[in-house]
Amino acid sequence: MRLDVLTIFPEYLEPLRHALLGKAIEQKILSIGVHDLRQWATDRHKSVDDTPMGGGPGMVMKPEVWGPALDDAAAGAGPVAETLDLTTASPHLSAPRHDDLAGVDTQTYETGDEDRSKPLLLVPTPAGKPFTQADAQAWSTEEHIVFACGRYEGIDQRVVDDAANRYRVREVSIGDYVLIGGEVAVLVIAEAVVRLVPGVLGNQSSHQEDSFSDGLLEGPSYTKPRSWRGLDVPEVLTSGNHALIDRWRRDQSLLRTRAVRPELLDAVELSAADRRALEQG
Ligand code: ADE
């Protein structure tokens, strides 16, 4: 997978070199280019924004800067070809870890009937469609994703409209709050997507049991010791009875979802045992 990020704050994207993403870079599953948008600015002040047409507060990012930047990002040309890719922050252990068991089955997801030869352009904005785990799954099979980080009051809308000639474009929000710019949203989306790329997470059941992957929140987890500060691990988890443990985990998931995000339950198909757990819990 190839990720290109266009931003006026390249240093904000430094975390992409660390941890799991850094390791994916090292394993050559992932390559990332972070590009300073000011390289496409044409005036002597390298300005990337201007006052809003029609008046109002703040500044809007200029189409003459974003247009050529996105052209180059789609084609891997110009300054995009010249920036060095991110390197991993530190070498990772080559010995397998418990969560690192290689050999993940490729999963297929609904991708629609669009022209997949065009790269995917993701434009983070609080005015976008909510980003979900289903998006992360769908985008984990993309070859090339370009992220356009807006600042100020956003990017001139014509940039997004014009980009649809060269990209499949998605305007996405990571939640109902307003950040200063799209950079943090890119970190969120990139991490959610890359961990699902086959081979990155190793143990495939780690993400099959994720919150949201079955429409429910994940229940609580425990490790050793069995007793800690007077608190015991639930006894069923030490029983060795896997059917019972699976049922207990499902029940915990159902109860937590009802307590925290009850609206999610509406979309879940409940078995008779599920209903019983909810009645009794
Ligand atoms: N940029 C500013 N706020 C944002 C949000 N909530 N989601 C995505 N991008 C943003």
Check your understanding: Over the Cα atoms of region 211-280, how large are the radius of gyration and the largest Cα-Cα distance (Dmax), in Å?
Key -> 13.3, 39
Practice item. Show the residues, 5+ positions off or on another chain, whose built amide H is closer than 5 Å to the amide H of residue 155. Key: 61
Check your understanding: Where Lys and Arg each count +1 and Asp and Glu each count -1, what net charge lies around residue 270 among other residues with Cβ under 12 Å from its Cβ?
Key -> -2
Check your understanding: Given springs between every Cα pair under 10 Å in a Gaussian network model of the chain, which of 85, 251, 49 has the largest fluctuation?
Key -> 251
Practice item. Using the structure shown, list the pairs from 23/46; 28/118; 28/129; 62/118 with a Cα-Cα distance above 29 Å, or answer none. Key: 23/46; 28/129
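Computed over the Cα atoms, what is the radius of gyration of region 154-266 divided by 2.2 N^0.38 Å, N being its residue count?
With N residues counted in region 154-266, Rg over 2.2 N^0.38 Å equals 1.52.
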Exercise for review: Give, as a single signed number, the net charge of other residues whose beta carbon lies under 13 Å from the beta carbon of residue 129, with Lys and Arg counted +1 and Asp and Glu -1.
Suggested key: -2
Practice item. Place +1 on the Cβ of every Lys and Arg and -1 on the Cβ of every Asp and Glu in region 211-280, take the dipole about the Cα centre, and give the residue among 271, 211, 244 whose Cα lies farthest towards its positive end. Key: 244
Revision key, fill the gap. Taking a probe of 1.4 Å and leaving out DNA, RNA and ligands, region 211-280 shows per residue an accessible area in Å² of 73
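State the dimensionless ratio Rg/Rh of the chain (Rg: radius of gyration of Cα atoms; Rh: Kirkwood radius).
Radius of gyration over Kirkwood radius for the chain works out to 1.04.
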Review point. Given labels modelled 7 Å from the Cα in the Cβ direction, how far is it in nm from residue 184 to residue 209?
Key: 3.1
Point to revise | With Cα atoms, 0 to 90° folded angle of helix 63-75 axis to the chain main axis | key: 60
Practice item. Please give the calculated 222 nm ellipticity per residue for the chain, where each DSSP H segment of at least 4 residues contributes -39500 (n - 2.57) and the sum is spread over every residue; nearest 500 deg cm²/dmol? Key: -9000 deg cm²/dmol
Practice item. Would you mind computing, in nm to one decimal, how far apart the modelled labels at residue 134 and residue 260 are, each placed 7 Å from Cα along Cα→Cβ? Key: 2.1
Exercise for review: Would you pull out the residues with amide H under 5 Å of residue 171's amide H, same chain only if 5 or more places away, H placed 1.01 Å from N?
Suggested key: 123, 129
Review point. What residue among 86, 13, 255 has the largest mean-square fluctuation in a Gaussian network model of the chain, using Cα springs under 10 Å?
Key: 255
**Study point:** Antiparallel content of DSSP bridges confined to the chain, in %, to 5
**Key:** 15
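The values are calculated or read from the model by the stated rules, or taken from the named source; none is laboratory data. Predicted, not measured: the structure shown is a model, and the values here were computed from it. Quick reminder, even Gly has a Cβ in these numbers, built from the backbone with ideal geometry, and neighbours come from all protein chains shown. Please note that ligands, DNA and RNA were not included when accessible areas were found on the heavy atoms of the full protein model with its side chains. Shrake-Rupley method; radii C 1.70, N 1.55, O 1.52, S 1.80 Å.
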